[in-house]
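Down below is the structure, laid out as C-alpha cells.
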Amino acid sequence: MGACAPLISVMAMRPTAVELAARLAEDLGLMMCDEPLAGTSRFVIEVDDRGLALRDCQRPGLRALRVRDLPRHRAVTGRGLLGRALGKRSHSVMDATAGFGSDAIHCAELGLEVIAIERSPVVCALLKDRIQGLPLDETRLRLSVKSGDSRQWLVELPPPDVVYIDPMFPGKENASAKPSKAQQLLRALVGKDSDAVEVLQLACRRARHRVVVKRPRHAPPLTGEVHHQVLGRTVRYDVYLAGQ
C-alpha cells in the first residue's frame, strides 16, 4: 500500500459477527467502529454472517462492495485469451498482483495451480473471503493466497511455470471508459504499482516458462522486448519468455 494509505476500520453488522470482526481487526491492526459514517475512516470493512463487504464512506449513497458477489469470467469456448497467453504447457501460475482475485480464479478454472499474491493486507483479507465463498470444488482447491510483496515470494517460493502480472496505473486508456466500482475501490486502497517493472524483471528470471502481463490494448509495453501478444478488444496479454 502507498505511504498515504486511507484510514480503514472494521464494523460488525450483526451480534453474531462481533467475534469475527474483532479478530479481523486485530489481525489487520485496524480499529473497530460502531457507525460507518460517524468516524474518520475512509473505508469500513463490514462483517456479517455472509462474510466481508467494503464500504466507501466518502460515497454514502453507494452500496458496500461484497467481493464474494463479483462476477466471474464468462465461460468461453476453448481456453480464451488468458488461457492462450498462459500456454498449453503451463500447469502452475503465480498471480503477482492478485487484487480481488478475478484472474486468479479464472486461472484455476482453466486447470492451473494458482498462488495469488496480494501486498495489501486489507485487499488480501477480502480476497481470502471471496475464495472461501466459492463452492468447495476443484477450482477452489487449486487456489492458495499469500499476503506480502510478490518480489519476496518470487524469491522464496519454488518457480511457477508462469508469473502473471496485471499492474495498476494512474491513467486510463480511454477517458470515457469509467472503471467498475471494484476497480475504483481497489485503486483507492492500493494506489499504482510503481514497482511493476521491477516485478516483471524478477519474474522473467524466476518463471520456468513465461511471464504474462495484462495491458490496455493500445498502451505501450511495460518494458523490454515482448515475445508475442494475445489481443482482445480492449486488453491484450504481453508474453515474455523466461530468461529474457
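Fully extended, how many nm does the chain gain between E198 and E156 (0.36 nm per residue separation, minus their Cα-Cα distance)?
13.5 nm
If one takes the longest principal axis of the Cα atoms in the chain, at what angle in degrees, from 0 to 90 and to the nearest 10, does the Cα axis of helix 181-190 lie?
90 degrees
In whole percent, what relative contact order does the chain give with Cα contacts below 8 Å and a gap of six or more residues?
16 percent
Between L136 and R50, what length comes free when the chain is fully extended (0.36 nm per residue of separation minus the Cα-Cα distance, one decimal in nm)?
The L136-R50 span can extend by a further 29.4 nm.
By DSSP, what percent of the beta bridges with both residues in the chain are antiparallel, rounded to the nearest 5?
Given both bridge residues lie in the chain, the antiparallel proportion sits at roughly 45 percent.
Can you list the residues, at least 5 places off or on another chain, whose amide H is less than 5 Å from the amide H of R66, using H built in the peptide plane?
For R66, the qualifying residues are L54.
Find the relative contact order for region 8-64 and round it to a whole percent, using C-alpha pairs within less than 8 Å whose residues are 6+ positions apart.
With pairs under 8 Å counted, the relative contact order is 37 percent.
Shape verdict for region 80-241, please, from the Cα gyration tensor: rounded (a/c under 1.5), prolate (a/b greater than b/c) or oblate.
rounded
A short reminder: the numbers here are calculations on the coordinates, not readings from a lab. Only a predicted model underlies this, so the values are computations on that prediction, with no experimental measurement involved.
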